[in-house]
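Q: Dropping a structure here in structure tokens format, bear with me for questions.
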Amino acid sequence: MQNIIEVNNPVVKNIVSHLRDINTKGYQFRKYVKELGKLLLFEALKNEKMIEKDINIWVGGGKFPFLDEENIVVVTILRAGLPMLDGILEILQESPAGFLAMKRDEETLEIHTYYVRLPDIKGKKVIIADPMVATGGSLDTALNILKEKKPEKIISLNIIGAPEGLKRISENHPDVNVYIAQIDEKLNKDGYIIPGLGDAGDRAFNT
Ligand code: PRP
Ligand code: URA
């Protein structure tokens with residue numbers, strides 16, 4: 001699973017443990033997810049090429065390096081990905097955003113896509129953010145939808161993954177680098193990650 005990069009940093013692991021804690025309330029949960037969105041972005045873009053832009057500064061004008069924010073599209077999967085998107089867009093303030101809404105059927109674990117709203121991603125870099133990779137069905141489906149629109153490259157930012165789902169992503173999408181805060185032990189028979197954190201959407205939005 002060469003394209004799956006677990007971020008082994010104590011700052012990241014500390015937040016993951018707070019997310020697991022059942023006493024972490026919805027507003028704290030969203031805040032932690034948001035901060036992990038930023039930390040994963042930081043790791044994923046550490047070798048990113050920069051562009052020079054002319055700007056005026058206090059001692060005159062000059063060229064300075066910037067990320068090519070307008071050509072980086074940030075996509076999330078509703079619901080649980082929303083706080084990650086929020087964090088990433090606090091940094092990439094010029095980047096367009098796209099939304100995919102998906103729901104896992106609780107019995108069959110099949111993915112139902114019920115809304116797709118994407119800006120033009122042809123030839124652009126896409127960052128997709130979703131906290132959980134359990135069976136990998138949501139991310140696999142999302143990557144297939146994105147690839148139909150011919151982006152230059154896709155990077156995935158995720159918080160907790162099960163080996164089963166990550167293997168599926170690695171096999172079906174070896175071209176997509178996945179930056180993940182934590183690889184957990186396994187899936188249970190209901191498709192939940194063990195130890196995991198429960199249902200990320202429910203935890204974030206008090207449902
Ligand atoms: C969660 C999570 C992922 C998905 C992962 O969403 O946000 O999108 O589960 O599971 P998978 O790898 O087996 O597809 P969920 O379907 O619970 O929807 P929600 O975000 O609306 O709660
Ligand atoms: N979705 C979640 O939010 N949590 C899991 O453990 C599995 C899928």
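Q: From Ala181, Ala204, grab the single residue that is touching a residue at least 40 places away in the same chain (Cβ under 8 Å), over 25 Å from Glu70 (Cβ atoms) and outside any helix (DSSP H, G or I). Write out each step before concluding.
A: Working: Ala204 fails: outside any helix (DSSP H, G or I).
Selected residue: Ala181, the only one of Ala181, Ala204 that is touching a residue at least 40 places away in the same chain (Cβ under 8 Å), over 25 Å from Glu70 (Cβ atoms) and outside any helix (DSSP H, G or I).
Q: Can you confirm whether segment 133-147 contains a residue that is within 25 Å of Leu39 (Cβ to Cβ), away from ligand 1 (no atom under 15 Å from the Cβ) and in contact (Cβ under 8 Å) with a residue 12 or more places away in the chain?
A: So far as segment 133-147 goes, no, none of its residues is within 25 Å of Leu39 (Cβ to Cβ), away from ligand 1 (no atom under 15 Å from the Cβ) and in contact (Cβ under 8 Å) with a residue 12 or more places away in the chain.
Q: Further, regarding this structure: Considering each residue of segment 90-118, count those that are under 19 Å from Asp140 (Cβ atoms), among the hydrophobic types (A, V, I, L, M, F, W, C) and either near ligand 1 (Cβ under 10 Å from one of its atoms) or assigned to a strand (DSSP E or B) (or both), and give that number.
A: Within segment 90-118, residues that are under 19 Å from Asp140 (Cβ atoms), among the hydrophobic types (A, V, I, L, M, F, W, C) and either near ligand 1 (Cβ under 10 Å from one of its atoms) or assigned to a strand (DSSP E or B) (or both) number 7.
Q: Look at Leu78 and say whether it is touching a Leu at 6+ places or on another chain (Cβ under 9 Å) and either closer than 22 Å to Gly198 by Cα or free of Cβ contacts under 8 Å to residues at least 24 places away in the same chain (or both). Spell out how you get there, then give the answer.
A: Numbers: touching a Leu at 6+ places or on another chain (Cβ under 9 Å): yes; either closer than 22 Å to Gly198 by Cα or free of Cβ contacts under 8 Å to residues at least 24 places away in the same chain (or both): yes.
Judged against the criteria, Leu78 is a match.
Q: Here's a follow-up. Any idea which residue in segment 149-178 is farthest from ligand 2 (Cβ to nearest atom), counting only those that are aliphatic (A, V, I, L, M) and touching a residue at least 40 places away in the same chain (Cβ under 8 Å)?
A: First pass over segment 149-178, keeping only residues aliphatic (A, V, I, L, M): 154-155, 157, 159-160, 162, 166, 169, 176, 178.
Now restrict to residues that are touching a residue at least 40 places away in the same chain (Cβ under 8 Å): 155, 157, 159-160, 166, 169, 176, 178.
Numbers: Ile155: 21, Leu157: 15, Ile159: 10, Ile160: 7, Leu166: 13, Ile169: 14, Val176: 19, Val178: 16 Å.
Applying the filter and picking the extreme gives Ile155.
Q: Just one of Lys167, Lys189 is surrounded by fewer than 17 Cβ atoms within 10 Å (Cβ to Cβ), more than 9 Å from ligand 1 (Cβ to nearest atom) and in a helix (DSSP H, G or I); which is it?
A: Values: Lys189 fails: in a helix (DSSP H, G or I).
Every option except Lys167 fails the conditions.
Q: A follow-up question, please. Out of segment 135-170, which residues are among the small types (Gly, Ala, Ser) and at positive phi? Before you say what the answer is, go through the steps one by one.
A: Applying the first criterion (among the small types (Gly, Ala, Ser)) to segment 135-170 yields 136-138, 142, 156, 161-162, 165, 170.
Scanning segment 135-170 gives a single hit, Gly136.
Q: Let me ask something else. Across segment 101-141, what is the number of residues that are surrounded by 15 or more Cβ atoms within 10 Å (Cβ to Cβ), charged (D, E, K, R) and farther than 13 Å from Leu78 by Cβ?
A: Final tally of qualifying residues: 3.
Q: Still on this structure: Starting from residues that are in a strand (DSSP E or B) and not hydroxyl-bearing (Ser, Thr, Tyr), keep the ones in segment 149-164 and report whichever is nearest to Phe42 (Cα to Cα). Spell out the reasoning first.
A: Residues of segment 149-164 that are in a strand (DSSP E or B), as a first pass: 153-161.
Imposing the further condition that a residue be not hydroxyl-bearing (Ser, Thr, Tyr) reduces the set to 153-155, 157-161.
Numbers: Lys153: 17, Ile154: 16, Ile155: 12, Leu157: 11, Asn158: 13, Ile159: 14, Ile160: 17, Gly161: 19 Å.
So the residue we want is Leu157.
Read-outs throughout are calculated quantities, based only on the coordinates presented, and are distinct from any laboratory measurement. The model shown is predicted, which means the values in this text are computed figures rather than measured ones. Note that we place each Cβ from the backbone using ideal geometry, even for glycine, and neighbour counts take in every protein chain shown.
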